[in-house]
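The values are calculated or read from the model by the stated rules, or taken from the named source; none is laboratory data. Remember, it's a predicted structure, so these values are computed and weren't measured experimentally. Neighbour counts are summed over all protein chains in view; Cβ atoms, including those assigned to glycine, are modelled from backbone coordinates with ideal geometry.
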Amino acid sequence: MSATVLVVEDEPSIQELIATSIQHAGHRVLRADSAEEAEQLVSETLPDLVLLDWMLPGIGGIQYARRLRGAERTKRLPIIMLTARGEEHDKLAGLEAGADDYLTKPFSPRELQARIKAVLRRRTPQMTEDCVEVEGLRVDPVSHRVHGNGQAIDLGPTEFRLLHFFMTHAERVHSRAQLLDQVWGDHVFVEERTVDVHIRRLRASLELTLHDRLIQTVRGSGYRFSPQPE
């Protein structure tokens with residue numbers, strides 16, 4: 001699935017090369033020349049992943065990575081550090097600052113795309129194109145098709161995103177606010193009870209194949225997707 005990737009790189013030619021590679025892979029690109037500019041972009045639109053250069057004017061990449069990890073809104077935001085520093089202690093410094101991966105320049109577009117895919121799979125599995133199947137319920141994020149025990153299930157776009165998120169985060173309890181951020185998107189302001197309406201619609205669509213039981217209400221906390229009995 002398409003992801004929004006923020007590229008924080010102050011060298012124009014490298015920034016352009018990275019952005020072009022990411023766009024060819026089907027992702028949307030946001031660009032920043034500095035950490036300060038990146039902060040402004042993140043305050044407006046939360047990306048799915050940050051490619052962060054180590055050496056930046058003003059606030060350095062390591063410092064900015066720590067800022068992202070220290071803020072509630074961005075503490076789970078995937079980060080890949082980009083740098084010409086290849087020494088082991090430099091890599092450790094980047095990882096200890098909160099980076100999920102570390103890519104040493106120069107690197108090939110294929111390697112960059114592979115690293116992005118790997119980090120998204122680990123940190124935000126709902127952003128990958130992998131099919132997900134649980135107890136006969138199968139979701140294909142590429143074709144946007146859902147099948148229950150081989151039978152096609154028709155879902156609206158919001159219910160599809162909701163189900164895909166649940167299935168890629170099984171056994172975790174999510175509050176309504178968390179679901180709004182993850183499924184509807186950051187900076188989308190709708191009532192939390194909107195989640196309940198779409199949960200009811202999703203359950204109704206899954207009733208025919210008896211998969212509605214997988215979406216469980218956790219009283220006082222939110223919702224959970226689980227094949228285990230409530």
* Structure fact -> Those residues of region 7-29 that are closer than 18 Å to ALA118 by Cβ and either β-branched (Val, Ile, Thr) or modelled with pLDDT of 95 or more (or both) come to a total of 3
* Asked: Taking region 8-28 as the search range and keeping residues that are among the β-branched types (Val, Ile, Thr) and surrounded by fewer than 18 Cβ atoms within 10 Å (Cβ to Cβ), which one is nearest to the chain's Cα centre (by Cα)?
  -> THR20
* Asked: Looking at VAL119, VAL5, which one is touching a His at 6+ places or on another chain (Cβ under 7 Å) and either among the charged types (D, E, K, R) or under 26 Å from ARG161 (Cα atoms) (or both)?
  -> VAL5
* To do: Tell me which residues, restricted to region 100-115, are touching a helix residue (DSSP H, G or I) at 6+ places or on another chain (Cβ under 7 Å) and either modelled with pLDDT of 90 or more or not aliphatic (A, V, I, L, M) (or both).
  => ASP100, ASP101, TYR102, PRO109, LEU112, GLN113
* Structure fact -> A careful count of residues in region 44-72 that are among the charged types (D, E, K, R), in contact (Cβ under 8 Å) with a residue 60 or more places away in the chain and part of a loop (DSSP other than H, G, I, E, B) gives 1
* Structure fact -> Over region 157-185, the set of residues surrounded by fewer than 16 Cβ atoms within 10 Å (Cβ to Cβ) and part of a loop (DSSP other than H, G, I, E, B) is ALA170, GLU171, ARG172, SER175, GLY185
* Within region 186-230, how many residues are within 23 Å of the chain's Cα centre (by Cα) and in a helix (DSSP H, G or I)? -> 7
* Asked: Restricting region 33-78 to residues that are of a type in the set (Gly, Ala, Ser) and more than 20 Å from ARG115 (Cα to Cα), which is surrounded by the most Cβ atoms within 10 Å (Cβ to Cβ)?
  -> ALA38
